[in-house]
1. Looking at the structure I just gave you, is VAL105 surrounded by 13 or more Cβ atoms within 10 Å (Cβ to Cβ), closer than 16 Å to VAL174 by Cβ, assigned by TED's automatic domain parsing to the domain that holds ASP24 and within 18 Å of the chain's Cα centre (by Cα)?
2. In the range 21-36, how many are farther than 13 Å from ARG85 by Cα and either surrounded by 16 or more Cβ atoms within 10 Å (Cβ to Cβ) or of a type in the set (A, V, I, L, M, F, W, C) (or both)?
3. Determine if the range 275-282 includes at least one residue that is surrounded by fewer than 15 Cβ atoms within 10 Å (Cβ to Cβ), assigned by TED's automatic domain parsing to the domain that holds ILE235, assigned to a loop (DSSP other than H, G, I, E, B) and at pLDDT 95 or above.
4. Checking GLY111 against (1) surrounded by 17 or more Cβ atoms within 10 Å (Cβ to Cβ); (2) in contact (Cβ under 8 Å) with a residue 60 or more places away in the chain: exactly one of these is not met. Which one?
5. For the range 128-177, give me the residue count where each residue is touching a Phe, Trp or Tyr at 6+ places or on another chain (Cβ under 9 Å), in a loop (DSSP other than H, G, I, E, B) and of a type in the set (Gly, Ala, Ser).
6. If only one of ARG186, ARG254, ARG241 is in a helix (DSSP H, G or I) and buried (at least 18 other Cβ atoms within 10 Å of the Cβ), which one is it?
7. So which of ASN266, ASN285 is surrounded by fewer than 13 Cβ atoms within 10 Å (Cβ to Cβ), outside the structural domain of ILE161 (by TED's automatic domain parsing) and assigned to a helix (DSSP H, G or I)?
8. Considering the range 129-149 alone, what residues qualify as being surrounded by fewer than 17 Cβ atoms within 10 Å (Cβ to Cβ) and touching a helix residue (DSSP H, G or I) at 6+ places or on another chain (Cβ under 8 Å)?
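The values are calculated or read from the model by the stated rules, or taken from the named source; none is laboratory data. The shown structure was predicted, so the numbers you read here are calculated from the model rather than taken from an experiment. We place every Cβ from the backbone using ideal geometry, glycine too, and count neighbours over all the protein chains shown.
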Amino acid sequence: MTEELVSIIVPVYNMGNSLEVCVDSLLKQKYSNIEIVLVDDGSSDNSLEVCYKLQKRDSRIQVYHTENRGSGPARNTGIEKATGRYIYFPDADDKLEEDAIGILVDAMENGRYDLVVFGYQSIDAKGNVVLKKQYPDMKRNGDDVRQDYSDYVVSTRRYGIQGAPWNKFFDLNVIRKHSIRYPSLRRHQDEGFISRYMCYVKNIHFIKAILYNHYLNDLKKEWDKYPVDYVDAVIGLYKTRKETILTWNEKDRRTKEIVEHEYICNMIKAFELSYSPKMKLSGRNRLKWIRKQIERSQVLKVVMPLSLGRYQKIIFTLLKKRHINLAILIMHIKIIIEKNGGLDAFRRLQ
């Protein structure tokens, strides 16, 4: 029996120091019928040079260079170049277990599934495993999942599907047939892609195996990941949710509440990011900017979900009552406490 070709798409942006470790874990796969598509997203370090160096080591590696547009458009370039039957999207600073691709192909073909979801572990900068995410071995019909998506929409839930693409194995035929692409957002593009893919999934295979090692960034790097146009990403994701998830079953109130909870929390995060040095906002300009984003996003028209944490409830209530200056003050205090390592007090309010 002929082994199906698997396309592995790796978006690369300023990953010169870690890319080789990631690609080595791909080249060591026991399932050898793979193509590795490295898409350099306009890196300013030596990432492109590392890509070409790796390409010389193995004929299965392809390298493409694009202007910097974000990981979503970079993955879209990979989709266009891919020639496989199945497609997988790891991050450039993570590692895959050696038997992963073989296990995933078997899981996909044992019933002709459209999506395989698998376990992963998160590892901190000291090499400590701080999280293990495992799914029960189970199979689900796509229509059943869409009718009550509340158990699947949040990545931290037992069956959470939404989130990063690196613990999911996709069918490239489904992507091509329905012209599914990552939205051109600087954040939340993964959730947008998965929401659209889930519209067409006929069946899903969850497997228990932990096959992916996700390496966590420190707080500063996480802060840097948020772009100055983060509000655009939040609004774009909410729009996608309304066009996909919220159309599957109008009676599914739990999923609607989760999506609205997510929207409010993401908008509050966007307001907090007005203190990022990249924004370069003075106090008066920050107030003007937040007012403008409130108007543009229409977030205050969302009914406050009961599930919101106390901190988010306080901020959202103050914004609704137009006490914007007080909300800004509380957000600023939170940011100062976080920067000084005092996270526990605010985590208890989440």
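1. Values: surrounded by 13 or more Cβ atoms within 10 Å (Cβ to Cβ): yes; closer than 16 Å to VAL174 by Cβ: yes; assigned by TED's automatic domain parsing to the domain that holds ASP24: yes; within 18 Å of the chain's Cα centre (by Cα): no.
When the stated conditions are applied, VAL105 does not pass them.
2. Filtering the range 21-36 for residues farther than 13 Å from ARG85 by Cα gives 21-32, 36.
Those left that are additionally either surrounded by 16 or more Cβ atoms within 10 Å (Cβ to Cβ) or of a type in the set (A, V, I, L, M, F, W, C) (or both): 21-23, 25-27, 29, 31, 36.
So the answer is 9.
3. Within the range 275-282 (the criterion being surrounded by fewer than 15 Cβ atoms within 10 Å (Cβ to Cβ), assigned by TED's automatic domain parsing to the domain that holds ILE235, assigned to a loop (DSSP other than H, G, I, E, B) and at pLDDT 95 or above), the answer is no, since none of the residues qualifies.
4. (1)
5. So the count comes out to 2.
6. Numbers: ARG186 fails: in a helix (DSSP H, G or I); ARG254 fails: buried (at least 18 other Cβ atoms within 10 Å of the Cβ).
Step by step, each of ARG186, ARG254, ARG241 is checked, and only ARG241 is in a helix (DSSP H, G or I) and buried (at least 18 other Cβ atoms within 10 Å of the Cβ).
7. On the way: ASN266 fails: surrounded by fewer than 13 Cβ atoms within 10 Å (Cβ to Cβ).
Within the list ASN266, ASN285, the selection yields ASN285.
8. Of the range 129-149, the ones surrounded by fewer than 17 Cβ atoms within 10 Å (Cβ to Cβ) are 129-132, 134, 136-139, 141, 143-144, 147-148.
ASP148 - this is the single residue of the range 129-149 that is surrounded by fewer than 17 Cβ atoms within 10 Å (Cβ to Cβ) and touching a helix residue (DSSP H, G or I) at 6+ places or on another chain (Cβ under 8 Å).
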